Number of protein chains: 4
Amino acid sequence: MKDNQKKIIFLIQCEDRKGILSATSTWFFQRSYNIVHCQQHTDNIEGRYFMRIELDMLDLKTTRKELEEDFGLFAKEYNLTWECHYSDYNARVAIMVSKTSHCLYDLIARKNEGDLKCDISLIISNHPDLEIIANQFRIPFYYLPVTAETKAEQEAKVMTLLRRFDIDLVVLARYMQILSSDFTSQWHGKIINIHHGFLPAFQGANPYRQAYERGVKMIGATAHYASEELDQGPIIDQDVVRVNHELSPNGLRDVGKDVERRVLAKAVQAHLESRIIMYKNRTIVFDVER
Amino acid sequence: MKDNQKKIIFLIQCEDRKGILSATSTWFFQRSYNIVHCQQHTDNIEGRYFMRIELDMLDLKTTRKELEEDFGLFAKEYNLTWECHYSDYNARVAIMVSKTSHCLYDLIARKNEGDLKCDISLIISNHPDLEIIANQFRIPFYYLPVTAETKAEQEAKVMTLLRRFDIDLVVLARYMQILSSDFTSQWHGKIINIHHGFLPAFQGANPYRQAYERGVKMIGATAHYASEELDQGPIIDQDVVRVNHELSPNGLRDVGKDVERRVLAKAVQAHLESRIIMYKNRTIVFDVER
Amino acid sequence: MKDNQKKIIFLIQCEDRKGILSATSTWFFQRSYNIVHCQQHTDNIEGRYFMRIELDMLDLKTTRKELEEDFGLFAKEYNLTWECHYSDYNARVAIMVSKTSHCLYDLIARKNEGDLKCDISLIISNHPDLEIIANQFRIPFYYLPVTAETKAEQEAKVMTLLRRFDIDLVVLARYMQILSSDFTSQWHGKIINIHHGFLPAFQGANPYRQAYERGVKMIGATAHYASEELDQGPIIDQDVVRVNHELSPNGLRDVGKDVERRVLAKAVQAHLESRIIMYKNRTIVFDVER
Amino acid sequence: MKDNQKKIIFLIQCEDRKGILSATSTWFFQRSYNIVHCQQHTDNIEGRYFMRIELDMLDLKTTRKELEEDFGLFAKEYNLTWECHYSDYNARVAIMVSKTSHCLYDLIARKNEGDLKCDISLIISNHPDLEIIANQFRIPFYYLPVTAETKAEQEAKVMTLLRRFDIDLVVLARYMQILSSDFTSQWHGKIINIHHGFLPAFQGANPYRQAYERGVKMIGATAHYASEELDQGPIIDQDVVRVNHELSPNGLRDVGKDVERRVLAKAVQAHLESRIIMYKNRTIVFDVER
């Protein structure tokens, strides 16, 4: 029942200038590609142009390598920064967790239902608690405890695993450790974190306690790419839920779990569907036709 | 971390009249009960009064039976309709499904995370597809196929199972069969169904197709108690999500799954927490302090 | 502080086929137009392609008439259905009301604050009640009462006024009369109505009473183009608000006013900003960069 | 059509202890009052009990003064902090503005439609721009410019006006000046401010610019009681709206106006309907049956 049309997706950005759309669409048209969907954004403050193009993969008459080399020449001429993705490729995802299971369950369930097109290749945790879920779904689980002293060593092990499993995307599904800036910069744009607060409010620890004490009337969650500064990376998605005086910090936390799940899943889906372009500390997240 | 205070919950309704609150609260006070939480609603159109009272179970100095008999006398005097629940009792839940797994996964995950206080005692389906999920979580699974000819017979088998497993609540988690009015009346107020549309719009089959054709800008889901008339039972919860022209009927269906999950889980939780009073075709759903 | 860049906006639709985007963007590029923003939608079910193009008006080196004639030739070749709008033109709007003022106030306030770029040229009502508001804002007010017998005659007077005032758009801001199909077909795509219910639920009269009786947990409002069949025209926008058992039909009505205001204003704004394309009974509503 | 039943409303808070509900409801019952609505909240962290009671004013058989004196004795015995309000009293409201009109228009319109039960007795501004609106609605307007040097003097004039007009509530409807702590402490719990950001994110100036730079995906507004610390007072209501990369800071500001209007109006309405109890830096906001 899913839309089975396979697609080639180009994500493009460049300085804004006249004629980019005409040149690009004509480039594809001349090679007999049908542009299934084309979305653009111009950031007038930054003078920057962003484009996402979906092609029908049936129109691909060359190898993927040839297409990319060919487009590379065009991109050079117009000074485009670009990526090319293929919808028939299943990204390999590693999920990092601590003790809380709600986001992990949700991501696995969505993957199994076909809503997240990826392989969940491994689960890494600094606690052993969630191994039982990994086993249930027969996903490799690595327990790598961490202390202040062993942090560098543990991260090295994590990165070795990520390479060994050929991971494309790391999802921090309530992993309650701060990654070193060395880690985040090596995996720039490839780590999605869920923060259980409405950033930039309530950064850091215990956001639900902070929210209770401030007496807020809504709580939220924020999915963002991890960056060197904690909770400062480019935001992908946010959502909130209305709360009232009846909720204690624990009550807020329970109610917040639903928002965390939803926001993280939406962000991971957008990444897997090649719908996000990052520029400086902001994201352009394109919707898609379904 | 969960609030461990055990509670006794009274759900009360009666004709509206002066002094009910005073009489009831005094009744409990005289027996040294601390009223932890008390909520009321007066329906001025129906002239009907509704009350939910939470007591601290530590104040219970008699047997549960004695409490109920004692309150029964008071209730008779004031002509109250009432139920009494105990928060340390885990309701026994049967989930009925067809082929779609998203609500089933979600209910199991929430139960495992402690958000739904119940036992999921069995899963019944008219298709064999989801047995694998039941096995994963070691929940008994019964495959009871149904045709127009075998409907009565199949329902008899279902009801036998519900009795054998001592079921308190049946959740139709996208069970794509219409239950007979015989079934729904025997289980009145004990079957929660998720309808994948914003009732009363789009009743019946293929609501997402209907929504597409009408060109709506939001789609929704409705959790309600099953009643004799299809999609007409008392609504417990509803929610919607914004959609646009980019979504085909299949796209609407994919987007709608999230709302269905959320709405069904919220309705089941409200039922399990003894927060719902039904009157005619409407529900009073009380919030709780957490 | 408002973005002062003047724009030319093309709304285009045609049968879907390869190369439309390339041909169109190249047509404008060859005439030295900067495409400020370009949005597309392909309805794969209908096989139909929709496009909205924003040009910088500073690039206009011909008269508007010449541009349109020139583009008309191109459109003919590609069999495009199209409209051309200029952002420096203030549409002339007539508002029709009965006795309820909340939408009227809201539209006038938004116009005065610069959020609705239009002239509110006249107000027509079948009741005299709101003349005071018209006077306050010095807007011509016409009181045209209507009965079953005088309906045709009254509508003729209304249409005469619309012509005399050179009206581009009629907004039914809680005008509690059903327009004849003669009227709606003459003004096809130029009448926006606010329905105080979440269509297609609760069509017809007294939707808040209907909502109360059905015991819904959300109420909504729907803005749509008026069509020959009551409440069946293409939907432009919808929104909802959560309600509970505490609201009587009057309470629902009071709470609903806010949604009505918001939805109607959003729909009128989308129309005035030339962001809506109608096809059959559906609308494509494009967002804009601001 | 409005519910015409006049009501007496008690707002009560005290240390939490057994029997308060029984004692209070019995006190009113013994004096033949019908408790139309009774809401409670126990803050278990603070050990504090809050109650809102609605009585039918037809049951008032004494003077208001006698009722209050009588209840005062009871309150003393139980150590209650309390207020008593009468729904037939129209609070006298002063609105303070600067140059932006959207909240002002909205409050006036809602008052005229009967949704805000109050008199808008005067408008005070540090700029002359909005006098025209005041004139339109025949509301006294005072232009009191302010500079760093004249701040104390200007505030003294403002407070003189508030006293002269016998003001009960001051609404800062985008008044872009910071009130001195002397002012806010004299008017503690009687000044409602709308902050154009989702507190505690984006405190201080230019929240929409801050939101743009942080790349948030939702923006919000917060209505709160003014306190000595800027943007730190007890929050009454908050709401958000989804935004995306297409919005510049100005675009965010335009979109945000709608949220500001809505949130401010809801907060003012809750205050006017005596539904808010303040405790430390938090508010309990009770819903009401309508």
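The values are calculated or read from the model by the stated rules, or taken from the named source; none is laboratory data. On a predicted model such as this, the values are computed, not experimentally measured, just so you know. Ideal geometry is used to build each Cβ from the backbone, glycine not excepted, and the neighbour counts take in all protein chains shown.
Mind checking which residues of region D:241-267 are in contact with a helix residue (DSSP H, G or I) (Cβ under 7 Å, 6 or more places away or on another chain) and of a type outside the set (Lys, Arg)?
D:Val241, D:Val243, D:Leu247, D:Ser248, D:Pro249, D:Leu252, D:Gly256, D:Asp258, D:Glu260, D:Leu264, D:Ala265
I need the full set of residues from region A:88-106 which are more than 18 Å from A:Asp166 (Cα to Cα) and outside any helix (DSSP H, G or I), in order please.
If the condition is that a residue be more than 18 Å from A:Asp166 (Cα to Cα) and outside any helix (DSSP H, G or I), then A:Val97, A:Ser98, A:Lys99, A:Thr100, A:Ser101 are the ones that fit.
Would you mention how many residues in region C:40-81 are in a strand (DSSP E or B) and among the hydroxyl-bearing types (Ser, Thr, Tyr)?
Here the count works out to 3.
Could you please let me know if C:Asp166 is at pLDDT 95 or above, among the charged types (D, E, K, R), part of a loop (DSSP other than H, G, I, E, B) and more than 23 Å from D:Arg138 (Cβ to Cβ)?
Answer is yes for this residue.
Could you check D:Thr26 against (1) within 8 Å of chain B (Cβ to nearest Cβ); (2) closer than 12 Å to B:Cys38 by Cβ; (3) part of a helix (DSSP H, G or I) and say which number it fails?
(2)
So C:Ile108 fits all but one of (1) facing another protein chain (nearest Cβ under 9 Å); (2) buried (at least 20 other Cβ atoms within 10 Å of the Cβ); (3) in contact (Cβ under 8 Å) with a residue 40 or more places away in the chain; what number is the exception?
(3)
So that you can scan it fast, the table gives a plain yes or no per residue for (1) within 20 Å of B:Thr222 (Cα to Cα); (2) among the aliphatic types (A, V, I, L, M):
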site: C:Gly233; (1), (2): no, no
site: C:Val243; (1), (2): yes, yes
site: C:Ser248; (1), (2): no, no
site: C:Gly256; (1), (2): yes, no
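Working carefully through the options C:Asn79, C:Asn126, C:Asn135, find the one that is within 20 Å of C:Leu162 (Cα to Cα) and surrounded by fewer than 18 Cβ atoms within 10 Å (Cβ to Cβ).
So the residue among C:Asn79, C:Asn126, C:Asn135 that is within 20 Å of C:Leu162 (Cα to Cα) and surrounded by fewer than 18 Cβ atoms within 10 Å (Cβ to Cβ) is C:Asn135.
It is to be established whether one or more residues within region D:141-154 are in contact (Cβ under 8 Å) with a residue 40 or more places away in the chain and either surrounded by 18 or more Cβ atoms within 10 Å (Cβ to Cβ) or over 22 Å from the mean Cα position of the chain (by Cα) (or both).
Taking every residue of region D:141-154 in turn, none turns out to be in contact (Cβ under 8 Å) with a residue 40 or more places away in the chain and either surrounded by 18 or more Cβ atoms within 10 Å (Cβ to Cβ) or over 22 Å from the mean Cα position of the chain (by Cα) (or both).
On the given criteria, is A:Ser32 surrounded by fewer than 19 Cβ atoms within 10 Å (Cβ to Cβ), small (Gly, Ala, Ser) and within 10 Å of another protein chain (Cβ to nearest Cβ)?
The answer is yes for A:Ser32.
Across region D:222-239, which residue is surrounded by the most Cβ atoms within 10 Å (Cβ to Cβ) among those that are closer than 28 Å to A:Leu264 by Cβ and away from chain C (no Cβ under 14 Å)?
For region D:222-239, the residue satisfying everything is D:Thr222.
Checking the structure you have, find out if any residue of region B:156-170 is in contact with a Ser or Thr (Cβ under 8 Å, 6 or more places away or on another chain) and among the small types (Gly, Ala, Ser).
No, there is no match, as no residue in region B:156-170 is in contact with a Ser or Thr (Cβ under 8 Å, 6 or more places away or on another chain) and among the small types (Gly, Ala, Ser).
Might you check whether a residue that is in the same structural domain as B:Ala221 (by TED's automatic domain parsing), closer than 30 Å to C:Gly215 by Cα and not in a helix (DSSP H, G or I) occurs anywhere in region B:142-154?
no
Regarding region C:263-273, can at least one residue be identified that is touching a Lys or Arg at 6+ places or on another chain (Cβ under 9 Å) and at pLDDT below 95?
no
On the basis of being at pLDDT 95 or above, under 20 Å from B:Met278 (Cβ atoms) and not basic (Lys, Arg), does B:His224 make the cut?
yes
Return the residues of region D:1-20 that are closer than 30 Å to C:Leu252 by Cα and in contact with a helix residue (DSSP H, G or I) (Cβ under 8 Å, 6 or more places away or on another chain); say none if nothing qualifies.
D:Met1, D:Lys2, D:Asp3, D:Gln5, D:Lys6, D:Lys7, D:Ile8, D:Phe10, D:Ile12
How about region C:259-288: which of its residues are facing chain D (nearest Cβ under 10 Å) and farther than 26 Å from C:Glu229 by Cα?
Residues satisfying the conditions are C:Asp287, C:Val288.
Take D:Gly189 and decide whether it is in a loop (DSSP other than H, G, I, E, B) and either in contact with a helix residue (DSSP H, G or I) (Cβ under 8 Å, 6 or more places away or on another chain) or more than 14 Å from chain C (Cβ to nearest Cβ) (or both).
yes
Does D:Gly72 count as away from chain C (no Cβ under 14 Å), surrounded by 14 or more Cβ atoms within 10 Å (Cβ to Cβ) and among the small types (Gly, Ala, Ser)?
Criteria not met by D:Gly72.
Of the residues in region A:109-140, how many are acidic (Asp, Glu) and more than 21 Å from the chain's Cα centre (by Cα)?
2
When you scan region A:3-23, how many residues do you find that are out of contact with any Lys or Arg (no Cβ under 6 Å at 6 or more places or on another chain), part of a strand (DSSP E or B) and not polar (S, T, N, Q)?
So the answer is 7.
From the list B:Met176, B:Met159, which residue is part of a helix (DSSP H, G or I), under 19 Å from the mean Cα position of the chain (by Cα) and surrounded by fewer than 19 Cβ atoms within 10 Å (Cβ to Cβ)?
After ruling out the rest, the residue left standing is B:Met159.
Output the residues belonging to region D:197-229 that are within 17 Å of A:Arg214 (Cα to Cα) and either of a type in the set (Lys, Arg) or assigned to a loop (DSSP other than H, G, I, E, B) (or both).
Correct list: D:Gly197, D:Phe198, D:Leu199, D:Pro200, D:Ala201, D:Phe202, D:Gln203, D:Gly204, D:Ala226, D:Ser227, D:Glu228, D:Glu229.
Residues being within 11 Å of chain D (Cβ to nearest Cβ) and among the small types (Gly, Ala, Ser): count how many of those fall in region C:240-258.
Within region C:240-258, residues that are within 11 Å of chain D (Cβ to nearest Cβ) and among the small types (Gly, Ala, Ser) number 2.
Give me the residue from region C:242-290 that is farther than 26 Å from D:Tyr212 by Cα and small (Gly, Ala, Ser) and, out of that set, surrounded by the most Cβ atoms within 10 Å (Cβ to Cβ).
C:Gly256
Identify, from the list C:Thr160, C:Thr184, the residue that is β-branched (Val, Ile, Thr) and without any contact (Cβ under 8 Å) to a residue 12 or more places away in the chain.
Result: C:Thr160 is the single residue among C:Thr160, C:Thr184 that is β-branched (Val, Ile, Thr) and without any contact (Cβ under 8 Å) to a residue 12 or more places away in the chain.
What pairs come out if I take residues in region C:249-265 that are assigned by TED's automatic domain parsing to the domain that holds C:Ala173 and on the phi < 0 side of the Ramachandran plot and pair them with residues that are assigned to a helix (DSSP H, G or I) and surrounded by fewer than 20 Cβ atoms within 10 Å (Cβ to Cβ) whose C-beta lies under 6 Å away, six or more apart or interchain?
Taking only residues 6 or more apart or on different chains, the pairs are C:Pro249/C:Arg209.
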